[in-house]
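The structure appears right after this line, and notes come after that.
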Amino acid sequence: TLVLVLLLMKDSFTMVDGDDGTRLPGAASLTLADEVHHLRPEEAVFEAMLTGWETQQRSRRLTVGTVESRSRLVRRLVEFANEYPWSWSPADVEDWTVSLLSQPAGLSASTVRCYQQAIAMFCDYLVDGRYGWGAVCEQRFGSHPSQVCHEWNTLAHASDYEGRPGNRPLSRDELQALFDLADDQVVRAARSGRKGWRAAFRDAALLKVIYGWGLRRREAARLEVIDFGVNPAAPELGRFGTLSVRWGKASRGGPPRRRDVATVMPWAVDVVAEYLEEIHPGYQSPTVLWPTERGSRVSVDYVATRFRALRDELGLPVELGPHCLRHSYVTHLIEDGFDPLFVQQQVGHTWASTTALYTGVSSDFKNRTLRAALDRAFGPVDEHKER
């Protein structure tokens, strides 16, 4: 009887993960076989750890890109420290962070914090007793993982907004110059007889649509022709009264958020209508709004590449990217008198504070707003009397 009890206890130690006797996705016993003897046990356990962590994240519906990028960061720290996770110390994280901040490219504080958070989440996974990795490492290597990221060696989130200071809305003159240059490239390509004039027209229309409906790059790149629809409240806009955004930014492992954007810039309707009538039929892709010559859709990186080319030719600051078009959309709608709640719903922000961060109104707008408030309080100023 005693032998049977000891055998049962041994089985429970090797096969059950955690004190509660549960088997969670990513548990050690589900990714690492006890009876297999590896030639490189440290490497085998580390790979099993990553596999288990990836399984745990996928069970939370995190995207493949997010899971893979986090695993790459863990591998980078292993390579930098030349130690496996059960031998990491806080000093390894500190030295790694210093190396990241000292790179010539100059990583932003938010990027470095994101890297640190990935390492911290990996350590949280390893030290959670429900997954059993502490017992595995103690048994095989005489050591166990620990949380090496803490408040004294990681960057604090001290500000609501940490975007690059140079990333700002475009002024109306800058925006017009950007669109004029895009149109000029279409004309130059057509006059030269080059085949690329069709793609140049598509790219010009794409950038105008990003601004005209306040889109993110991914939202714009994934659009299809059928996403435009009629708005009964604006029949004069025809079939382009609304735009259904189906690939909005997801949050916390959820699916892409959808929203319907009401068309507020009639000139943008003319741009899309001309593109669909004159240019789009030349591509062999009737459903994709922005197809390539091979029939696939343009990539998110391609949108950034085209914007940068126009930006550099105009001599605009290098900090500006295509997301500035979305900032410009928010700013210009606020300046034109649109209700802030309406603008917030147009761009799909959950919180009004986020929309406020996107807004960079001009000095003229601020002065007009101040003057209107003073006039309501004290009455209009008689300019002749002041003189």
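The values are calculated or read from the model by the stated rules, or taken from the named source; none is laboratory data. Since the model is a prediction, treat every value here as computed from it, not as a measurement. Every residue, glycine among them, receives a Cβ derived from its backbone with ideal geometry; neighbour counts consider all protein chains shown. Remember, those area values only see protein heavy atoms, side chains included, never the ligands or the DNA or RNA. Shrake-Rupley method; radii C 1.70, N 1.55, O 1.52, S 1.80 Å.
Would you point out which residue out of Gly238, Gly282, Gly229 is on the phi > 0 side of the Ramachandran plot and surrounded by fewer than 21 Cβ atoms within 10 Å (Cβ to Cβ)?
Values: Gly282 fails: on the phi > 0 side of the Ramachandran plot; Gly229 fails: on the phi > 0 side of the Ramachandran plot.
Step by step, each of Gly238, Gly282, Gly229 is checked, and only Gly238 is on the phi > 0 side of the Ramachandran plot and surrounded by fewer than 21 Cβ atoms within 10 Å (Cβ to Cβ).
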So, of the residues in the stretch 132-148 that are open to solvent by less than 20 Å² (accessible area, probe 1.4 Å) and not in a helix (DSSP H, G or I), which turns out to be farthest from Leu24 (Cα to Cα)?
Val148
Could you tell me how many of the residues in the stretch 186-200 are open to solvent by 70 Å² or more (accessible area, probe 1.4 Å) and assigned to a helix (DSSP H, G or I)?
3
Residue that is least open to solvent (accessible area, probe 1.4 Å), among those in the stretch 17-36 that are small (Gly, Ala, Ser) and at pLDDT below 50
Gly18
Residue satisfying condition, being at pLDDT below 90 and either in contact with a helix residue (DSSP H, G or I) (Cβ under 9 Å, 6 or more places away or on another chain) or surrounded by fewer than 17 Cβ atoms within 10 Å (Cβ to Cβ) (or both), within set Ser362, Ser299
Ser362
Testing Pro169 on (1) more than 19 Å from Pro291 (Cα to Cα); (2) part of a helix (DSSP H, G or I); (3) in contact with a helix residue (DSSP H, G or I) (Cβ under 7 Å, 6 or more places away or on another chain), one condition comes back false. Which one is that?
(2)
Only one of Leu243, Leu223 that is under 18 Å from the mean Cα position of the chain (by Cα), modelled with pLDDT of 95 or more, within 30 Å of Thr350 (Cα to Cα) and open to solvent by less than 30 Å² (accessible area, probe 1.4 Å):
Leu223
Counted residues, the stretch 47-57 - those being over 14 Å from Gly254 (Cα atoms) and open to solvent by less than 20 Å² (accessible area, probe 1.4 Å)
5
Can you name the residue in the stretch 58-68 that is at negative phi and touching a residue at least 24 places away in the same chain (Cβ under 8 Å) and is also least open to solvent (accessible area, probe 1.4 Å) among such residues?
Leu62
Out of (1) in contact with a Pro (Cβ under 8 Å, 6 or more places away or on another chain); (2) among the acidic types (Asp, Glu); (3) free of Cβ contacts under 8 Å to residues at least 24 places away in the same chain, the odd one out for Glu319 is which?
(3)
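Quick check on my filter: what residues within the stretch 285-296 are under 18 Å from Glu219 (Cα atoms) and exposed (fewer than 13 other Cβ atoms within 10 Å of the Cβ)?
Thr287, Ser296
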Within the stretch 311-322, the count of residues that are buried (at least 19 other Cβ atoms within 10 Å of the Cβ) and not basic (Lys, Arg) comes to 2
Filter the stretch 263-290 for residues that are at pLDDT 95 or above and small (Gly, Ala, Ser); which is nearest to Thr66 (Cα to Cα)?
Ala268
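Taking into account only those residues within the stretch 80-130 that are of a type in the set (D, E, K, R) and part of a loop (DSSP other than H, G, I, E, B), which is surrounded by the most Cβ atoms within 10 Å (Cβ to Cβ)?
To start, the set of residues in the stretch 80-130 that are of a type in the set (D, E, K, R) comprises 83, 92, 94-95, 113, 124, 128, 130.
Filter again for part of a loop (DSSP other than H, G, I, E, B), leaving 83, 128, 130.
Numbers: Glu83: 14, Asp128: 18, Arg130: 16.
The qualifying residue surrounded by the most Cβ atoms within 10 Å (Cβ to Cβ) is Asp128.
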